[in-house]
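The values are calculated or read from the model by the stated rules, or taken from the named source; none is laboratory data. Treat the numbers as computed from the prediction; the structure is a model and nothing was measured. Please note: Cβ atoms are built from the backbone with ideal geometry, for glycine as well, and neighbour counts cover all protein chains shown. Each accessible area value is taken on the protein alone, full model and side chains, heavy atoms only, with ligands, DNA and RNA left out. Shrake-Rupley method; radii C 1.70, N 1.55, O 1.52, S 1.80 Å.
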Amino acid sequence: MPLPVHSAVVERLRAAGCVFAEEEADLLLAAATGPDELDAMVVRRASGLPLEHVVGWAEFGGLRIAVDPGVFVPRRRTEFLVREAASLAGPGAVVVDLCCGSGALGAALAASLGGVELHAADVDPAAVACARRNVRAAEGHAYEGDLYAALPEALLGRVDVLLANVPYVPSDEVALLPAEAREHEARVALDGGSDGLDVLRRVTADAPRWLAPGGRLLFETSERQVPAAVAAVTAAGLVPRVVTDEELYATVVVGARRGA
């Protein structure tokens with residue numbers, strides 16, 4: 001597109017309050033197939049629709065992850081969880097991405113490790129549809145259902161890495177989230193119950209049945225939730241460890257099943 005078109009898009013995005021208008025204009029111009037589509041995309045973005053939903057993808061872990069409207073957009077800070085998981089496993093690992101959303105975590109981990117046996121699950125049908133596309137390159141599988149109920153029983157006791165990007169925002173704080181999240185992402189992907197840990201407790205309680213000896217559960221949480229999250233991991237009989245990345249403002253709890 002000509003420079004005047006780029007400048008016009010930047011000005012429209014700035015007027016709508018987009019902080020990174022220059023970068024977003026580049027992405028919209030690259031994604032649009034013509035002037036009419038570009039105009040429609042700018043209108044959607046200016047109305048508050050997340051950029052990732054406008055262009056149909058998000059960058060995560062070096063991959064282009066398909067993200068349809070309404071589906072949780074993977075956060076860059078969660079790349080830290082994937083890197084931590086990659087340091088604990090190797091090629092051939094059995095990986096489950098629970099509460100998978102778009103399947104970004106499992107897809108990124110599979111790409112990092114090489115050949116893995118990848119399974120993903122989510123309760124949101126729209127998310128599962130995205131995940132199926134995103135795990136295809138790793139020959140992965142995506143299932144629709146409530147947590148472990150979605151998984152094949154053949155995985156019991158075999159999972160080396162259990163990624164669980166559970167919702168952890170307390171219910172009464174969902175309204176405080178940025179409008180892009182609270183208005184355009186499924187609430188089930190955000191709302192973690194009264195203290196934000198309802199789903200996490202369900203995940204940790206049943207994790208030992210699915211983990212292989214020495215297998216690990218990894219999940220993201222907030223700094224203030226760490227004591228309660230660690231208590232849930234310990235109560236399930238797993239050995240907890242907390243790792244952080246100050247630059248990304250990311251906190252990850254690792255729960256290991258005892259074993260060789």
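Show SER171, SER112 ordered by accessible area, largest first, where the area counts protein heavy atoms only and the probe is 1.4 Å.
My answer, sorted largest first, is SER112, SER171.
Are there chymotrypsin sites (Phe, Trp or Tyr not before Pro) in the range 1-99 that DSSP marks as loop and that have at most 13 other Cβ atoms within 10 Å, and which are they? Please report the intermediate quantities before stating the final value.
Details: sites: PHE20, TRP57, PHE60, PHE72, PHE80; in loops: PHE20, PHE72.
Answer in residue order: PHE20.
LEU176 to PHE20: extension gain in nm, 0.36 nm per residue of separation minus the Cα-Cα distance?
Working: separation 156, 0.36 × 156 = 56.16 nm, distance 2.17 nm.
Taking 0.36 nm per residue and subtracting the Cα distance, the gain is 54.0 nm.
How many angstrom lie between the Cα centre of the range 85-137 and the Cα centre of the range 212-260?
Rounded to whole Å, the Cα centres lie 19 Å apart.
Once you've got the GNM for the chain with C-alpha springs shorter than 10 Å, pick whichever of ALA30, ALA85, ALA104 has the biggest mean-square fluctuation.
ALA30
Is the range 111-260 best put as rounded, prolate or oblate by its Cα gyration tensor, with a ≥ b ≥ c the root eigenvalues, rounded for a/c under 1.5, and otherwise prolate when a/b is larger than b/c, oblate when not? Intermediate values should be presented prior to the final figure.
Values: a/c = 1.60, a/b = 1.12, b/c = 1.44.
Oblate, because a/c is 1.5 or more while a/b does not exceed b/c.
Among 181-193, 141-153, how do they line up by average Cβ neighbours within 10 Å per residue, starting with the highest?
On the way: 181-193: 17.5, 141-153: 15.5.
Put in order of decreasing packing, that is 181-193, 141-153.
So what is the relative contact order for the chain, in percent, with contacts set as C-alpha pairs under 8 Å and at least six apart?
Working: 515 pairs, mean separation 37.2, N = 260.
Reported relative contact order: 14 percent.
Would you mind working out the magnitude of the charge dipole of the chain relative to its Cα centre, with +1 at each Lys and Arg C-beta and -1 at each Asp and Glu C-beta, to the nearest 20 Debye?
Details: 23 positive and 36 negative charges, 165 e Å.
Around 800 debye, computed over the chain.
Restricting to Cα pairs below 8 Å that are 6+ residues apart, what does the relative contact order work out to for the range 1-81? Please round to a whole percent.
20 percent
If you add up the charges near ALA142, with Lys and Arg at +1 and Asp and Glu at -1, over every other residue whose beta carbon is less than 13 angstrom from its beta carbon, what do you get? It would help to have the intermediate numbers written out before the result.
Numbers: positive: ARG132, ARG133, ARG136; negative: ASP97, ASP122, ASP124, GLU139, GLU144.
Value of the local net charge: -2.
List residues of the range 174-204, by number, whose backbone nitrogen lies under 13 Å from a label position 7 Å along Cα→C-beta of TYR249.
177-178
Percent relative contact order of the range 108-206, based on C-alpha pairs within less than 8 angstrom and at least six residues apart? Provide the component values of the computation, followed by the final result.
Values: 110 pairs, mean separation 21.6, N = 99.
Result for the range 108-206 is 22 percent.
Which listed residue (TYR148, TRP210, TYR168) has the Cα farthest towards the positive end of the charge dipole for the range 111-224, taking +1 on Lys and Arg C-beta and -1 on Asp and Glu C-beta about the Cα centre?
TRP210
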